[in-house]
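Below: the structure, in structure tokens.
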Amino acid sequence: MARNRLLRVTLVLLLFSAGSAAWPAQPQRPPGTGAPTPQEIEDLRETVHILMISRLKRELQLSDEQQQRIVPLIDELEQARGRYRQESRRRLEEIRRLLASGSPPERELGEQVRGATELRRGFEAERVRVESEMTRILSPVQQARLLVFLQDFRRDMRARLEGARGRSGRPRPAGPRPRPGWEPVPDEGPDDEDL
């Protein structure tokens, strides 16, 4: 399995290093045709994950031993994040349904809120565990590079996503449009953690 992942990462690196001409053209969704399919979202997440791992290895100058220890930790956290997002969405939909009922049953609503809180705390505990494990594996210089890398990678991916939304004709999320030179303060929470 580790060998397959290494092969995929190598293939992605080769494609990126060969330039955009080597990347096959993706069919463009006509503007206004709706949200991406769950499979498209999963494919995108996997591609971003592979890109993150390859850049992480280069930026942190990971040894082969460090890479063998770090990549499974990141994979574990990504799986936990996926479970968290899925369950969190389900709970939020249920909370919205209960609130829309006119007079929401407080007991059920309370159970959903407590469940969402426990879910978030569980994911945060997993994230802290992985960060702690990574601290034992990485040198202080690599830890500093990791902090810088995560902020830069997150900013780059957000900019690419915004650019793709603009080209696809899909509407931007609600909220104020950024002013030139303005950089938003990242939200706190599991969705904004890249590790």
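No other residue among E118, E133, E87, E126 is in a helix (DSSP H, G or I), more than 21 Å from E46 (Cβ to Cβ) and in contact with a helix residue (DSSP H, G or I) (Cβ under 6 Å, 6 or more places away or on another chain) apart from E133.
For every residue, the table says whether it meets (1) of a type in the set (F, W, Y); (2) over 30 Å from L62 (Cβ atoms).
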position: Y84; (1), (2): yes, no
position: R96; (1), (2): no, yes
position: A100; (1), (2): no, yes
position: S132; (1), (2): no, no
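Tallying residues that are part of a helix (DSSP H, G or I) and in contact (Cβ under 8 Å) with a residue 40 or more places away in the chain within region 136-146 yields 4. In this entry, E124 passes the filter for residues that are at pLDDT 90 or above and within 17 Å of the chain's Cα centre (by Cα).
Scanning region 57-77 for residues that are closer than 20 Å to R145 by Cα, assigned to a helix (DSSP H, G or I) and either out of contact with any Leu (no Cβ under 8 Å at 6 or more places or on another chain) or charged (D, E, K, R) (or both) yields K57, R58, E59, D64, E65, Q67, Q68, R69, V71, P72, L73, D75. In region 20-32 there is no residue that is at pLDDT 85 or above, exposed (fewer than 15 other Cβ atoms within 10 Å of the Cβ) and not polar (S, T, N, Q). Entry remark, region 88-135: residues being within 18 Å of Q66 (Cα to Cα) and in contact (Cβ under 8 Å) with a residue 24 or more places away in the chain number 4 in total.
Checking the structure you have, find out if any residue of region 167-186 is at pLDDT 85 or above, outside any helix (DSSP H, G or I) and either closer than 22 Å to L60 by Cβ or in contact with a Leu (Cβ under 7 Å, 6 or more places away or on another chain) (or both). No, there is no match, as no residue in region 167-186 is at pLDDT 85 or above, outside any helix (DSSP H, G or I) and either closer than 22 Å to L60 by Cβ or in contact with a Leu (Cβ under 7 Å, 6 or more places away or on another chain) (or both).
The values are calculated or read from the model by the stated rules, or taken from the named source; none is laboratory data. These numbers come from a predicted model, not from an experiment. As a convention, Cβ positions derive from the backbone with ideal geometry for all residues, glycine included, and neighbour counts pool all protein chains shown.
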